[in-house]
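I have placed the structure first, in the form of structure tokens, so that the comments after it can refer back to it.
Just so you know, all these numbers are worked out from the coordinates, no wet-lab data involved. Here the structure is a predicted model, which means the values were calculated and not measured. Here the Cβ is made from the backbone with ideal geometry for all residues, glycine too, and neighbour counts use every protein chain on show.
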Amino acid sequence: MYAELMASPSVREALFYERSGDAVRCAVCERRCLISEGKKGVCGTRMNVGGRLFTLVYGDLNALESRPIEIKPFFHFWPGSSALTFSTWSCNFKCPWCQNWSLSKTPPDPSRANFVSAERVVELARRRGDHGLCVSFTEPTLLFEFSLDCFKLARRYNLYNTFVSNGYMTVEALERLRAAGLDAINIDMKGDAEVYERYCGGVDVEKVWRNARAAKKMGMHVEMVNLVITGVNDDEDCLRWVIERHLKELGEMTPLHFTRYHPAYKFNNPATKVETLERACELAKRLGVAYVYIGNVPGHKYESTYCHECGRLLIRRYSYSVLRYELTAEKRCPGCGAEIPIVGHYVRRASRIFS
């Protein structure tokens, strides 16, 4: 009865799961769905077929394009570089304001899969002059097995590997991603525990902080993003909670981005006021975060990087472009000599990564 399904190149046996009678328990995401025969997990991308768990989206890509690393946003990881960015269908969260809802709210259909092999992804990245890979747009954890294969191949050609994630994978999955070559992760922090419970589908915010902390301990570059949503997480108590947890779990040098929300999908609250984002940035600075940014407000002064010691402008940005870069060869401030936490030097030409 599953012959047509199993014939799709996007259907592969999952790596992380446990059998429980006729059911299987997925161990990639912290929802840890217990899935009965013929059923799928919450994300809709993993299915129990004959007592075995299969991913339905291996290499089924709905987007594949070269994009600036700043758009993720990564501001302290290979500035000026580009990453071949790709994604698949669906999500393991239920956020009603999803900015990429046309992709994340569409379930996969293996009979119509747009299959792209890991070899092809890496080949395209090299041909286009990209400096690495990024799994983004929708939750990258759903492309777990495919990401592992892509990352291993990318490493052979000195390409970096990145995730833009909600941070809700299991620690075991995160460890496997790191071992395969995941270099950097950007985690979208939705707000406090109430926001996660009410809007994201009853998930546990503590698992997200645990993974951010674990990623840093594993040696990954970490940046955090808070999409500030009008009437949801834009009050000072919630912003303060996020900032204080950021400092406690990741430290003052880990970049923190506050990003402007626009109405999307099922959510029609007004776009975030720029003043609210500025208030969040200024609060974060007062509390001790060294590198704080505003996103989705092109031309704002908080798009740029300033020395945490003397305040000198080091990287001027406009939207997703680097206009000026003034760090020394040793990645220090040319004014006061302070060491700046940047991974990789500014990439000046699309055909080269500086070592």
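Within 10 Å, count the other beta carbons around each residue, average over each peptide in 157-170, 255-268, and list them highest first.
The packing order, highest mean first, is 157-170, 255-268.
Which aspartates and glutamates have a Cα less than 16 Å from the Cα of K105, not counting those fewer than 8 places away in the same chain?
Cα-Cα hits under 16 Å: D60, E139.
Work out from phi, with θ = phi - 60° and the Karplus expression 6.51 cos²θ - 1.76 cosθ + 1.60, the ³J(HN,Hα) of each residue of the range 185-198, listed in order in whole Hz, and give x for Gly and Pro.
Rounded to whole hertz, the list is 9, 10, 10, 8, 8, 7, x, 8, 4, 5, 4, 5, 5, 7.
Which residues' amide hydrogens lie under 5 Å from the amide hydrogen of Y160, considering only partners 5 or more residues apart or on another chain, with H built in the peptide plane?
G132, L133
Using DSSP, restrict attention to beta bridges with both residues in the chain and report what percent are antiparallel, rounded to the nearest 5.
For the chain, the DSSP antiparallel bridge percentage is about 50.
Taking H placed 1.01 Å from N in the peptide plane, check which residues at least 5 places from V343 or on another chain put their amide H under 5 Å from its amide H.
Counting only residues 5 or more places away or on other chains, the set is F77, W78.
Could you give each residue of the range 57-70 its phi-based ³J(HN,Hα) in whole Hz, using Karplus coefficients 6.51, -1.76, 1.60 with θ = phi - 60°, and x for Gly or Pro?
Once rounded to whole Hz, the list reads 10, 4, x, 8, 9, 9, 8, 7, 8, 7, 9, x, 5, 5.
Taking the alpha carbon gyration tensor of the range 63-325, what are the square roots of 5 times its eigenvalues, largest first, to the nearest whole Å?
27, 22, 18
Using Cα positions and a limit of under 21 Å, work out the lysines in reach of K248, with same-chain residues fewer than 8 apart set aside.
Cross-link targets: K190, K207, K216, K217, K285.
Residues of the range 1-28 with the amide nitrogen closer than 16 Å to a label point 7 Å from the Cα of F115, along Cα-to-Cβ, please.
Answer for the range 1-28: 3-14.
Helix-derived [θ] at 222 nm for the chain: sum -39500 (n - 2.57) over DSSP H runs of at least 4, divide by residue count, nearest 500?
On the way: 9 runs with 91 residues, N = 355.
The helix-only estimate for the chain comes to -7500 deg cm²/dmol at 222 nm.
Taking the mean number of other Cβ atoms within 10 Å as a proxy for protection, how do you rank 276-284, 4-12 from highest to lowest? It would help to have the intermediate numbers written out before the result.
Numbers: 276-284: 20.1, 4-12: 16.0.
Final packing ranking: 276-284, 4-12.
Starting from the amide H of N226, placed 1.01 Å from N in the peptide plane, find each other amide H under 5 Å away whose residue is 5 or more places distant or on another chain.
It is M189, H257, F258, T259, by chain and number.
Using packing as a proxy for protection, rank 298-306, 138-146 so that the peptide with the highest average count of other Cβ atoms within 10 Å comes first.
138-146, 298-306
Helix 144-156 sits at what angle to the longest principal axis of the chain, using alpha carbons and giving 0 to 90 degrees rounded to 10?
Approximately 60 degrees, to the nearest 10.
By how many degrees, 0 to 90 and rounded to 10, does the Cα axis of helix 236-250 deviate from the longest principal axis of the chain?
Taking the Cα atoms of the chain, the angle to 236-250 is about 80 degrees.
Along the Cα→Cβ direction, 7 angstrom out, place labels at E252 and T106. What is the inter-label distance in nm?
4.6 nm
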